[in-house]
1. Please work out how much length the chain gains when fully extended from residue 170 to residue 211, using 0.36 nm per residue of separation minus the C-alpha to C-alpha distance, in nm with one decimal.
2. Sort largest first and round to whole Å: the equivalent ellipsoid semi-axes of the range 198-238, each the square root of five times a Cα gyration tensor eigenvalue.
3. I need the phi-derived Karplus couplings for the range 197-208: 6.51 cos²θ - 1.76 cosθ + 1.60, θ = phi - 60°, integer Hz, Gly and Pro marked x.
4. What fraction of the DSSP beta bridges in the chain is antiparallel, stated in percent and rounded to the nearest 5?
5. With +1 on each Lys and Arg Cβ and -1 on each Asp and Glu Cβ, and nothing else charged, work out how big the dipole of the chain is about its Cα centre, in Debye to the nearest 20.
6. Could you sort out which of 89/153; 146/272; 49/250; 58/121; 49/260 sit more than 32 Å apart by Cα distance in this structure?
7. Want the number for residue 260 to residue 272: 0.36 nm per residue separation, take away the alpha-carbon distance, what's left?
8. Quick one: angle between helix 67-78 and the longest Cα principal axis of the chain, in degrees between 0 and 90, rounded to 10, please.
Amino acid sequence: MKLFKAGAAAAVSVVLALTATACGGSSDKASDSGASGGAKKDKIVIGIKFDQPGLGLKNPDGKFTGFDVDVATYVAKELGYQPNQIEFKQAVSAERENLIANGDVKLVVATYTINDKRKAKVDFAGPYFKAHQDMLVRADDTSITKAEDLNKKKLCSVTGSTSAQNIKTKLAPDADLREYPGYSECLTGLENKAVDALTTDNSILAGFAAQEKNKGKFKLVGLNLSDEPYGIGLKKGDKDLQTKVNAALKKMVEDGSWQKSVDANFGPAGYKAEPAPQITEGS
Ligand code: GLU
């Protein structure tokens, strides 16, 4: 009787899931274990950036490229999902914790710095990369060479980022900080002279500066204003997933895929990435 009940409940939830899929066009669940007892995995939803060349970029043809995309694809494969079973969802900086906590995405692989404030809401696997905060200015600008020079300048960064937070709390509290939803909007502002500088991770800035359409327009100041260890965000308390993602990251480094992706994605931008960091989350 007990067994029957469980079976009936499962059947009901399958029907509900199928109905939801039929109504919504696609299931909102971050990962789908299929209709028959979890034997077949249908898809995994992963949050990435859509506007950061070299890291997470949605190209005009709809394809996704960048180091974070490669990391996400590798980890998904280790979790049992082929590339065609991955649904990439845009995860702007300010929404990453919410997307994870609400179950809209299973993982966030989006230049996502591990820190205690975020760890109050989500868990991380990794770190898998180490960047540093820097600044991007127009190529002919000689007035900004250090963080304090920003104090009376118009500065752009992104809402919910560590970059904006660091400026406000320590690096240049008197800067006229404009917070936009994404870095590509900041870049447009820098080009149009709506702002004087853009600050975030050097990995992101190098990707923008190297884009064909931006060649010669901008320069990195070359500062090392913070440590930004990137982790893969996941639901708080999901130890099992954290362990599996850590194992996948370790394997990616050991089999050479990590370095290959670093070279392919950052090489063209002339960005010298640091070696893969030691995995410390969850231990
Ligand atoms: N890594 C920093 C952060 O997680 C800045 C880049 C970003 O906003 O994604 O906030």
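Just so it is clear, none of the values below were taken in a lab; they were calculated from the coordinates. Source: prediction; values computed, not measured. Ideal geometry is used to build each Cβ from the backbone, glycine not excepted, and the neighbour counts take in all protein chains shown.
1. Numbers: separation 41, 0.36 × 41 = 14.76 nm, distance 3.06 nm.
Full-extension gain reported as 11.7 nm.
2. Numbers: eigenvalues 164, 38, 7 Å².
Three semi-axes, in Å: 29, 14, 6.
3. 7, 10, 10, 5, 5, 4, 4, 6, 4, 4, x, 5
4. Percentage antiparallel, nearest 5: 60.
5. Values: 39 positive and 36 negative charges, 128 e Å.
That gives a dipole near 620 debye.
6. Listed pairs above 32 Å: 89/153.
7. Numbers: separation 12, 0.36 × 12 = 4.32 nm, distance 1.33 nm.
Working it through step by step, the gained length comes to 3.0 nm.
8. 20 degrees
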